[in-house]
Ligand code: SF4
């Protein structure tokens, strides 16, 4: 079985077991951008509280957030952890969005994906996972998001080494799958769900996992 077919079999197994994940949980593309920074090294529950606090204070639009003093922003996003660092990172991202497209995310989404990715990676505090999350989930561009769950699942299935780098993981998907934003969107979300619910760090629940059959009977 070639890698494209294999990956699609993995995806179908997760989709069949768990349904479409409907990721990313946000009301606007800009909210995705904010969440992509806030979720760095943090569980989603804290991110949700921080986003709710921003929304509650009328700061969940680009101009309002841009005008918010750094210290006030840090206070509001405290539940997301590393709040001073993340406040500065949000300000850096806001400066990029203001200068590059005047906060017109639809216009940004119409540009060349690789160029926008390079620009995002040039923003201090925006790494590849954050950049790809913004590209895929905020801008609707076909950029696959990889993360620690991706690495754990692929390595446990013998598909990539445990120390695979971010680009190796991303390329593992993007080299063979069609550039399909909807597929990339849900595939990543499925891997996050499987990683969170089944592929535990110490004791993976392979017997209950939708990907369990691939361990027992690797596709030929
Ligand atoms: S829990 Fe087991 S079957 Fe599921 S992804 Fe992890 S290693 Fe694979």
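Points worth noting:
A quick yes/no check of all residues on (1) assigned to a helix (DSSP H, G or I); (2) farther than 24 Å from residue 102 by Cα:
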position	(1), (2)
48	yes, yes
52	yes, yes
55	yes, no
59	no, no
65	yes, no
71	yes, no
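- Test result for residue 65, within 25 Å of residue 119 (Cβ to Cβ), in contact with a helix residue (DSSP H, G or I) (Cβ under 8 Å, 6 or more places away or on another chain), free of Cβ contacts under 8 Å to residues at least 60 places away in the same chain and assigned by TED's automatic domain parsing to the domain that holds residue 134: yes
- Selection status of residue 17, out of contact with any helix residue (DSSP H, G or I) (no Cβ under 8 Å at 6 or more places or on another chain), at pLDDT 95 or above and surrounded by fewer than 18 Cβ atoms within 10 Å (Cβ to Cβ): yes
The values are calculated or read from the model by the stated rules, or taken from the named source; none is laboratory data. What you are looking at is a predicted structure, and each value in this text was computed from that prediction instead of being measured. Every residue, glycine as well, gets a Cβ built from its backbone with ideal geometry; the counts of neighbours run over all protein chains shown.
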